[in-house]
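Asks: Take a look at this one; I'll ask things after.
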Amino acid sequence: MQAVWFEKKGPARDVLVVGEMPDPTPALGQVRVRVHVSGVNPSDTKTRGGFGGNLKMEFPRIVPGQDGAGVIDQVGPGVPETRIGERVWVYEAYRGRPFGTAAQFVVIPAHHAVKLPDAIDFDTGAGLGVPALTSHRCLFTDGGIQGQTILVHGGGGGVGNPAIYLAKWAGARVIATVSRPEQEAAAKAAGADVIINRKTQEVIEAVRAATIGQGVDRVVDVDFAQNLQTNLAILKTGGVIASYFSSPLTSPFPFIPLMVQCITVHCVLVYTMSQRAHREAIRDTTACLEAGRYRTHVGARFPLHELAQAHQAQDSGSVVGKILIDLV
Ligand SMILES: NC(=O)c1ccc[n+]([C@@H]2O[C@H](COP(=O)([O-])OP(=O)(O)OC[C@H]3O[C@@H](n4cnc5c(N)ncnc54)[C@H](OP(=O)(O)O)[C@@H]3O)[C@@H](O)[C@H]2O)c1
């Protein structure tokens, strides 16, 4: 099969290799998926690039790509043959394994291949994995959100945009921040009720105005450190900050202000959230898809042999929307 891999970490153009690998065979409890579309995430480029100075190779050769969508074409022992031919989306393809979705075939545990509703295309499926599971966890860790007001920082982003879709599906009112017209369009398409340009507007004032001074119930946050003071100013007492990333804190963790407002802080990592959290996120994402309430906003697409360009585009931050890799 055609695949792209790396055998040392470093810049995309230096380490990504395009070539042929043996077709994989599914073992006990596994399925093989013929990948149609692979989704690129920042964690793929961070793994390849040696984020945080981690240049150690977890396996001698790694095929990147946690997310993707395609069709099951083989099943291993213990997996019903009725799954052959099933259209699926794939999550965490190379978590704890060497080979992900940047290849014509990927072999994964059967439950990492989730049935894609008939009406949903492979592009949307390839954009689900990391973004949908992460945003779901940020939104729902403290239970349902119907009738609540949620602030989504970075509402045009890879995780922020799905957070809007899922929050609207769940009956919340959504305020989203953006910084560019393309992000505004993506946040609007996802159903955000109020959109604030964080570069040209005063976010705290705009949120207070949009909530008649009441503030928001929960925040889905792309940068804990950068947005902390804003979040403290606009959260209701008892509110929740769920952050999936942070730049380094430049001042001490503000325990007293957080305590005074009884604010809960969740640090969310999709890869280590519980199996139960995964199951709940998959259940709700499927329901949201079936209700026609979820889209993957595609920002750019590349053929497999241009994966290095795709990684560079991901790291540049210039693309608004999902970066997809075509394999069919
Ligand atoms: N913990 C997890 O499980 C998890 C899961 C997925 C992603 N992540 C991490 O989260 C980060 C974002 O991932 P992503 O896929 O969403 O990336 P992305 O597609 O680049 O989106 C990030 C969005 O956040 C916006 N943004 C950046 N700083 C902001 C701030 N201080 N306030 C409000 N908005 C801000 C960006 O806007 P601008 O273009 O204006 O900067 C962009 O729209 C990455 O570091 C990624 O590795 C973590």
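The values are calculated or read from the model by the stated rules, or taken from the named source; none is laboratory data. Here the structure is a predicted model, which is why all the values come from computation and not from measurement. Methodologically, a virtual Cβ is constructed for each residue, glycine included, from the backbone with ideal geometry; neighbour enumeration extends over all protein chains shown.
Asks: Can we say Ile195 is more than 11 Å from the ligand (Cβ to nearest atom), farther than 16 Å from Gly160 by Cα and more than 19 Å from the chain's Cα centre (by Cα)?
Replies: Here the answer is no, as Ile195 does not meet what is asked.
Asks: Sticking with this one: Within region 239-250, can you find the residues that are under 23 Å from Ile145 (Cα atoms), within 15 Å of the ligand (Cβ to nearest atom) and of a type outside the set (A, V, I, L, M, F, W, C)?
Replies: Selection gives Ser243, Tyr244.
Asks: Right, something else. Quick check on region 265-277: of everything there that is touching a residue at least 60 places away in the same chain (Cβ under 8 Å) and β-branched (Val, Ile, Thr), which residue is nearest to the ligand (Cβ to nearest atom)?
Replies: Among those residues, the one meeting the criterion is Val270.
Asks: Now, a different point. Just to be sure, is Ile204 out of contact with any strand residue (DSSP E or B) (no Cβ under 6 Å at 6 or more places or on another chain) and assigned to a loop (DSSP other than H, G, I, E, B)?
Replies: no
Asks: From Thr124, Thr149, Thr141, grab the single residue that is over 19 Å from Ala190 (Cα atoms), touching a residue at least 12 places away in the same chain (Cβ under 8 Å) and among the β-branched types (Val, Ile, Thr).
Replies: Residue meeting the stated conditions: Thr141.
Asks: Let me ask another. If you check every pair at least six apart or on different chains, which have Cβ atoms under 8 Å apart with a residue in region 81-108 that is farther than 19 Å from Arg48 by Cα first and a residue that is of a type in the set (Ser, Thr, Tyr) and assigned to a strand (DSSP E or B) second?
Replies: That search, which allows pairs on different chains as well, returns nothing.
Asks: For region 280-293, indicate whether the set of residues that are without any contact (Cβ under 8 Å) to a residue 24 or more places away in the chain and either in contact with a Cys (Cβ under 7 Å, 6 or more places away or on another chain) or surrounded by fewer than 17 Cβ atoms within 10 Å (Cβ to Cβ) (or both) is non-empty.
Replies: Yes, some residue in region 280-293 is without any contact (Cβ under 8 Å) to a residue 24 or more places away in the chain and either in contact with a Cys (Cβ under 7 Å, 6 or more places away or on another chain) or surrounded by fewer than 17 Cβ atoms within 10 Å (Cβ to Cβ) (or both).
Asks: Does Phe253 qualify as being more than 16 Å from the ligand (Cβ to nearest atom) and under 28 Å from Gly50 (Cα atoms)?
Replies: Yes.
Asks: Could I ask something else about it? Surrounded by fewer than 16 Cβ atoms within 10 Å (Cβ to Cβ) and without any contact (Cβ under 8 Å) to a residue 40 or more places away in the chain: which single residue out of Phe253, Phe245 fits that description?
Replies: Unique residue meeting the criteria: Phe253.
Asks: Among the candidates Ala163, Ala190, Ala186, single out the residue that is in the same structural domain as Val240 (by TED's automatic domain parsing) and more than 11 Å from the ligand (Cβ to nearest atom).
Replies: Criteria check complete, one pass: Ala190.
Asks: For Cys262, are the conditions met, namely being in contact (Cβ under 8 Å) with a residue 24 or more places away in the chain, among the hydrophobic types (A, V, I, L, M, F, W, C) and exposed (fewer than 12 other Cβ atoms within 10 Å of the Cβ)?
Replies: yes
Asks: Let me ask something else about it. If you go through region 213-234 one residue at a time, do you hit one that is more than 13 Å from the ligand (Cβ to nearest atom), in contact with a Pro (Cβ under 6 Å, 6 or more places away or on another chain) and at pLDDT 95 or above?
Replies: Yes, the conditions are met somewhere in region 213-234.
Asks: A further question on this structure: What are the residues in region 74-105 that are polar (S, T, N, Q) and within 30 Å of Phe6 (Cβ to Cβ), if any?
Replies: Gln74, Thr101, Gln104
Asks: Also, quick follow-up: Considering only residues that are farther than 16 Å from Asn231 by Cβ and without any contact (Cβ under 8 Å) to a residue 24 or more places away in the chain, which ones fall in region 195-212?
Replies: Asn197, Lys199, Thr200, Gln201, Ala209, Ile212
Asks: Can you report the number of residues in region 175-199 which are buried (at least 23 other Cβ atoms within 10 Å of the Cβ) and in a loop (DSSP other than H, G, I, E, B)?
Replies: So the count comes out to 1.
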